[in-house]
Structure formats: structure tokens, C-alpha cells
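What follows is a short report on a single structure.
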Amino acid sequence: MSFKMAQISLVSRHREVYEPCDDSFALVDALLADRNNLLEHHPTLCMEVGCGSGYIITSLALMLGQKAAGVHYIATDVNPHAVRVTNETLEAHGVHAELLATDIASGLEMRLAGLVDIMVVNPPYVPTPEDEVGREGIASAWAGGENGRRVIDKILPIADTLLSDKGWLYMVMLTANNPSEICLQMREKGYAARIVIQRSTEEESLHVIKFWREFNTQSRSKELMTANKTVPARVMQESPVSQFPKSDIFSHGS
């Protein structure tokens, strides 16, 4: 693929920081599949919640590149080691983002409310005992509590606050997280959704789901026309909404 993404060889590492894995690659592949739409969206503020190694926010900055000049990037992580590693990954690729060690977006709500045009999240989604959620170090990258939803359910209302009227949210989920229920909850808040990529590994079934505000019909119609021309058939085949019950909650738009 000709589009740029972060080189694994240049991603910094630390034993307490989650390294790029299948879920990271799926999210970056989803962004690449949606790249033309992202460029036509003309974002001014892009944010990653839970930046880990920095692979995803770096890849997003690289794929938008000079064609999206003037974009400001912000990334947060509750793990201070992850913030340092992300900074090293960004520097190795010659791109910049504002980095903050904080829980999701704590302390940023007033500053960023209604301003984030693109938010990307690879959350802690693994079903675990509740007492594992929020532990220090690398465990914070995957421990999701019951049904893997503890952190996801905290992130979604914050995303609703931070996203702009034209804001898009890309989030990784497992089938075990009950994505159809999440999409119904977001629909009640006025969001449509579609699966950008669905990918099965030996251990899990991953979905990258994109959310956007339903009233943004003009953008949705325009993007659908672009998507039909630009999204590879392989990606479309890997993204059947029929995999979820109640698949009518997914839009065929944005």
C-alpha cells in the first residue's frame, strides 16, 4: 500500500507499554480504508485516547500528511510510560502531537468540548475481573472488566462531549463487548454507525466501528459516494453488518 503508516521498526518500546498488535493494525487499516473521506473531511483537531506505543496517532498523522495541513493532534494515556514512548515514536517519524498523561480526557473537557473532528480509540476491551480495571502499567491497556465494557462505557459519553458537530469516532471492539448494544446506545445520542473493518484472529473477533452524528446528512451522502469508489473490496467484504443481530442499527452512510 502506497499510503504511509508508522514503521514498526521505529516504534519505541517499554515493558509496561502495550505494543502494536492485531487490534492496532486493524484500526490503522480502517483509517487507511477511510483515508479519502478523512482528507475530504478537513479535520482541524484529531485525538487518540489511550495512545500506548504511539503507533496509531503517528500513523494517522502520516497518512493525512501535508494534504491536511494545519491539523493539531492530541493523544492521552493514563500510563505515563506510554506518553513517553508515544513521544519517541512521533519523533522517530518526524511528526508532532500534544501529549498528556491523563485518564481518557480528564482535565480537557472544557478546553476540547465540541472541537474534536476525529477521535480514535483502541480501548481496554478484554473481559476481565473488575478488580483488574485501572491497574497501573500495561494491564491498563487491556483490562476491560465485565464484558470488556467498563472503560468503553466511560469513554463514549466523553467522546460525545468532545466531538464536534462533524466529529467522527473510530473505536475497536470485540464481539464480546456487544457492539450492537453500544451502537443502539449511541443511536439514542444521535449517532449513526458502520463497521469499517471486521477481522478475526485465533483469539478474538475484532470490529472497528465508526460513529458520526446522524444529522450530518450532507457529509454522510458525500462520503458514501467516495467510499464506494475508494474502499477496497477486501475491506468491504470483511465488514458485513449481518454479523451483528439487529444490523439495521448500522447506517450505510459515512
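The values are calculated or read from the model by the stated rules, or taken from the named source; none is laboratory data. Values in this document were obtained by computation on a predicted structure and should not be read as measured data. Positions of Cβ are generated from backbone atoms using ideal geometry, with glycine treated the same way; all protein chains shown enter the neighbour counts. For the accessible areas, the whole protein counts, side chains as well, though only heavy atoms, and no ligand, DNA or RNA atoms are used. Shrake-Rupley method; radii C 1.70, N 1.55, O 1.52, S 1.80 Å.
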Spelling it out for VAL196: with amide H atoms placed in the peptide plane at 1.01 Å from N, the residues 5 or more places away or on another chain with amide H under 5 Å from its amide H are VAL208, ILE209, LYS210
Among the listed pairs LYS189/LYS210; LYS166/LYS189; LYS4/LYS189; LYS67/LYS210, which are separated by more than 24 Å between their Cα atoms? LYS4/LYS189
Residue-wise, which Karplus ³J(HN,Hα) couplings in Hz belong to segment 86-95, taking 6.51 cos²θ - 1.76 cosθ + 1.60, θ = phi - 60°, and x for glycine or proline? 4, 4, 5, 5, 4, 4, 5, 9, x, 10
Hey, with R₀ at 22 Å, roughly what FRET efficiency would GLU88 and GLU136 work out to, going by the Cβ-Cβ distance, to 0.05? 0.60
Show me 153-162, 103-112 ranked by packing, highest mean number of other Cβ atoms within 10 Å first. 153-162, 103-112
Compute the distance in nm between two label points, each set 7 Å from the Cα along the Cα-to-Cβ direction, one at ARG111 and one at ASP165. 2.5 nm
At a 1.4 Å probe radius, which order do ILE74, ILE8 fall into by accessible area, largest first? ILE8, ILE74
Extension gain (nm, one decimal) between ILE8 and GLU181, 0.36 nm per residue minus Cα-Cα: 58.9 nm
